[in-house]
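The values are calculated or read from the model by the stated rules, or taken from the named source; none is laboratory data. Everything quoted here is computed from the prediction, not taken from an experiment. Don't worry about glycine lacking a Cβ; one is built from the backbone with ideal geometry, like all the others, and counts go over all protein chains shown. These accessible areas exclude ligands, DNA and RNA; they are computed on the full protein's heavy atoms, side chains included. Shrake-Rupley method; radii C 1.70, N 1.55, O 1.52, S 1.80 Å.
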Amino acid sequence: QVQLVEPGGGSVQHGGSLRLSCAASGSIFSAYTMGWYRQAPGNERERVATISNSGLSNYEDSVKGRFTVSRNSTKNTVYLQMNSLKPEDTAVYYCTANIRERPELNIKVYWGKGTLVTVSS
């Protein structure tokens, strides 16, 4: 079984910065695309940023230029550096990872439990 652990999150003022991290542990043969989604109250979950195992990253338009996704593939860890935070970035942020547990098994998508980020004006 695979677990994603997301310490971090917290509260920050408008214009501040936070760094999220997420470590995948357990039975991992190979980790593929990893990334972050978020869900604000009353909204659907949306993709924030993803990064492939070759380092190719993609961002949701509203965070481009402010957020940076990165990974340490040796540690199966993904990070999200969030700068110039705005109140509309307030949400629960979820880590996700596409992982193959054993060579003969299919890739599965795993999710963290989420961490709350609150940006005050």
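Being under 23 Å from SER27 (Cβ atoms), at pLDDT 95 or above and open to solvent by less than 40 Å² (accessible area, probe 1.4 Å) is a property that ILE99 has. Looking across the range 1-14, the residues that are more than 15 Å from the chain's Cα centre (by Cα) and open to solvent by less than 50 Å² (accessible area, probe 1.4 Å) come down to VAL2, VAL12.
Which condition number in (1) closer than 19 Å to VAL5 by Cα; (2) surrounded by fewer than 16 Cβ atoms within 10 Å (Cβ to Cβ); (3) touching a residue at least 40 places away in the same chain (Cβ under 8 Å) is the one that VAL109 fails? Condition not satisfied by VAL109: (3).
Does THR90 satisfy being in contact (Cβ under 8 Å) with a residue 60 or more places away in the chain, closer than 24 Å to SER62 by Cβ and within 15 Å of the chain's Cα centre (by Cα)? Answer is no for this residue. Can you find, within the range 28-44, the residue that is modelled with the lowest pLDDT among those that are open to solvent by 70 Å² or more (accessible area, probe 1.4 Å) and closer than 20 Å to GLY114 by Cβ? Going through the qualifying residues, I end up with PRO41.
For the range 45-67, the criterion of being open to solvent by 30 Å² or more (accessible area, probe 1.4 Å), under 25 Å from THR118 (Cβ atoms) and among the hydrophobic types (A, V, I, L, M, F, W, C) is met by none of the residues.
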